[in-house]
Amino acid sequence: AKDEGRGIYKFFEMEMGAQLRDRRLLEHDARHAVVRNELSLVYQPQVDIKSGEVTGFEALVRWDHPERGRISPAEFIPVAEDSGLILQIGEWVLRHACQQAAKWQNPLSIAINVSPVQLHAPQFPALVCEILFETGLAPNRLEIEVTETALVKNMSRALSALRQIKALGVKVAMDDFGTGYSSLSNLRAFPFDKLKVDQSFIKSVDSNGQSAAIVQAVLGLGKGLNLPVLAEGVERPEELEFLRGAVCQSAQGYWFGRPQTIDVYEAITSGTTTN
Ligand code: C2E
Ligand code: CA
Ligand code: CA
Ligand code: CA
């Protein structure tokens, strides 16, 4: 039993060693990702439930590693946050998404994910201002998505950053609402324009009573606070029908469209189709 215990310990030691090595390699390679042009953006439509029309897109970053292929942002964003590299990656994302949206004939909105590390960087509001100026994108077409993790770390700094960004005319959405450090007081303290209900609550919302109760409660909250609600991760028509019945304003998910390179959505961005 003693040997067995040691064996298990050794196994964990090796596993951890491998994970650490992996993380360092990833961090090392990520330093080159921006300059070597390995990053790209895919776009996922956001739809107004009542009209069925696409009102905008969320930009999601992709990294094509020369040897390892496509690496998920869920894997490399945390590594980039720890090393501070997220500042460079985030600036690249912001600039490219705004450049792209400024080219569309249809004046759709463009949503961008902003990491807590970016939001807390003192120069972030100025960077947003600079990129809007540089790309000529109308500020009210840009929406930044922040999670509650970004807010709890340093409340006063986050609040000041959000206020400066909002003063430019840019919109702010709370992402992944209902998960993590969710606190209702954040809704009162921060100047949000939209709530994005996390996809975990939308999955089977039509058949899972608990999910349904939570989504209805969030919709009630949105109504009372005058905040539109977007449901994430809609995959099935039954989920959409539930949301329609519960009077949810907008939705996003594979049912409407996968995150794709923007040329796939050409008809929408050029305004030659209504959806
Ligand atoms: P998120 O902001 O919550 O983005 C939604 C994620 O759900 C995306 O994963 C999207 O591809 C996926 N998704 C969309 N519709 C559906 C659906 O119907 N079903 C399912 N199962 N999934 C769906 P992705 O692109 O892998 O991104 C994962 C996370 O990485 C994002 O979660 C976001 O937190 C982060 N991320 C992505 N791009 C960026 C970025 O440019 N900057 C920062 N800071 N974070 C990013
Ligand atoms: Ca998001
Ligand atoms: Ca989300
Ligand atoms: Ca998420």
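Give the residue that is modelled with the highest pLDDT, with candidates limited to residues of the range 11-50 that are among the acidic types (Asp, Glu) and within 30 Å of GLY233 (Cβ to Cβ).
ASP48
Out of the residues in the range 30-56 meeting the condition of being within 12 Å of ligand 1 (Cβ to nearest atom) and not aliphatic (A, V, I, L, M), tell me which one is farthest from ILE144 (Cα to Cα).
My answer is SER40.
Identify the residue in the range 148-167 that is more than 20 Å from LEU225 (Cα to Cα) and of a type in the set (D, E, K, R) and, among all such residues, is least open to solvent (accessible area, probe 1.4 Å).
Restricting to residues being more than 20 Å from LEU225 (Cα to Cα) and of a type in the set (D, E, K, R), the top hit is ARG157.
State whether one or more residues within the range 108-115 are surrounded by fewer than 22 Cβ atoms within 10 Å (Cβ to Cβ), more than 26 Å from VAL197 (Cβ to Cβ) and at pLDDT 95 or above.
No: zero hits.
Failed condition for GLN199, given (1) free of Cβ contacts under 8 Å to residues at least 40 places away in the same chain; (2) open to solvent by 40 Å² or more (accessible area, probe 1.4 Å); (3) closer than 19 Å to ASN113 by Cβ, with all others met?
Unmet condition: (1).
Against the definition (on the phi < 0 side of the Ramachandran plot and under 15 Å from the mean Cα position of the chain (by Cα)), how does ALA267 come out, yes or no?
No.
Exactly one condition in (1) β-branched (Val, Ile, Thr); (2) within 18 Å of the chain's Cα centre (by Cα); (3) open to solvent by 40 Å² or more (accessible area, probe 1.4 Å); (4) over 23 Å from ILE268 (Cβ atoms) is false for ILE89; which is it?
(3)
Only one of these is touching a Phe, Trp or Tyr at 6+ places or on another chain (Cβ under 7 Å), acidic (Asp, Glu) and away from ligand 2 (no atom under 16 Å from the Cβ): GLU38, GLU67, GLU53. Name it.
On the way: GLU67 fails: touching a Phe, Trp or Tyr at 6+ places or on another chain (Cβ under 7 Å); GLU53 fails: touching a Phe, Trp or Tyr at 6+ places or on another chain (Cβ under 7 Å).
After applying the criteria, what remains is GLU38.
Of everything in the range 51-69, what is modelled with pLDDT under 95 and open to solvent by 20 Å² or more (accessible area, probe 1.4 Å)? Give them in sequence order.
Residues of the range 51-69 that are modelled with pLDDT under 95, as a first pass: 65-69.
Selection gives PRO66, GLU67, ARG68, GLY69.
For the range 130-143, give me each residue that is surrounded by 15 or more Cβ atoms within 10 Å (Cβ to Cβ), away from ligand 3 (no atom under 13 Å from the Cβ) and not hydroxyl-bearing (Ser, Thr, Tyr).
Matches in the range 130-143: ILE131, LEU132, LEU137, PRO139, ARG141, LEU142.
For the range 213-234, state whether one or more residues are over 29 Å from SER156 (Cα atoms), away from ligand 4 (no atom under 16 Å from the Cβ) and among the charged types (D, E, K, R).
No, that holds for no residue.
Restrict the check to the range 234-245 and report whether at least one residue is free of Cβ contacts under 8 Å to residues at least 40 places away in the same chain, away from ligand 2 (no atom under 16 Å from the Cβ) and either open to solvent by less than 40 Å² (accessible area, probe 1.4 Å) or under 29 Å from CYS129 (Cβ atoms) (or both).
Looking only at the range 234-245, we keep the residues that are free of Cβ contacts under 8 Å to residues at least 40 places away in the same chain, and these are 234-239, 241-242, 245.
From what's left, away from ligand 2 (no atom under 16 Å from the Cβ): 235-239, 241-242, 245.
Within this subset, residues satisfying the condition of being either open to solvent by less than 40 Å² (accessible area, probe 1.4 Å) or under 29 Å from CYS129 (Cβ atoms) (or both) are 239.
There is at least one residue in the range 234-245 that is free of Cβ contacts under 8 Å to residues at least 40 places away in the same chain, away from ligand 2 (no atom under 16 Å from the Cβ) and either open to solvent by less than 40 Å² (accessible area, probe 1.4 Å) or under 29 Å from CYS129 (Cβ atoms) (or both).
Can you name the residue in the range 246-272 that is without any contact (Cβ under 8 Å) to a residue 40 or more places away in the chain and under 16 Å from SER109 (Cα atoms) and, of all such residues, is surrounded by the most Cβ atoms within 10 Å (Cβ to Cβ)?
ALA267
Residues to consider are ARG141, ARG95, ARG163, ARG157; find the one that is more than 30 Å from LEU20 (Cβ to Cβ) and modelled with pLDDT under 95.
Within the list ARG141, ARG95, ARG163, ARG157, the selection yields ARG157.
Is it the case that the range 168-179 has a residue that's open to solvent by 10 Å² or more (accessible area, probe 1.4 Å), within 16 Å of ligand 2 (Cβ to nearest atom) and part of a loop (DSSP other than H, G, I, E, B)?
Checking the range 168-179: at least one residue is open to solvent by 10 Å² or more (accessible area, probe 1.4 Å), within 16 Å of ligand 2 (Cβ to nearest atom) and part of a loop (DSSP other than H, G, I, E, B).
The values are calculated or read from the model by the stated rules, or taken from the named source; none is laboratory data. Everything quoted here is computed from the prediction, not taken from an experiment. Heads up, the Cβs are rebuilt from the backbone with ideal geometry, glycines too, and the neighbour counts pull from every protein chain shown. Each accessible area value is taken on the protein alone, full model and side chains, heavy atoms only, with ligands, DNA and RNA left out. Shrake-Rupley method; radii C 1.70, N 1.55, O 1.52, S 1.80 Å.
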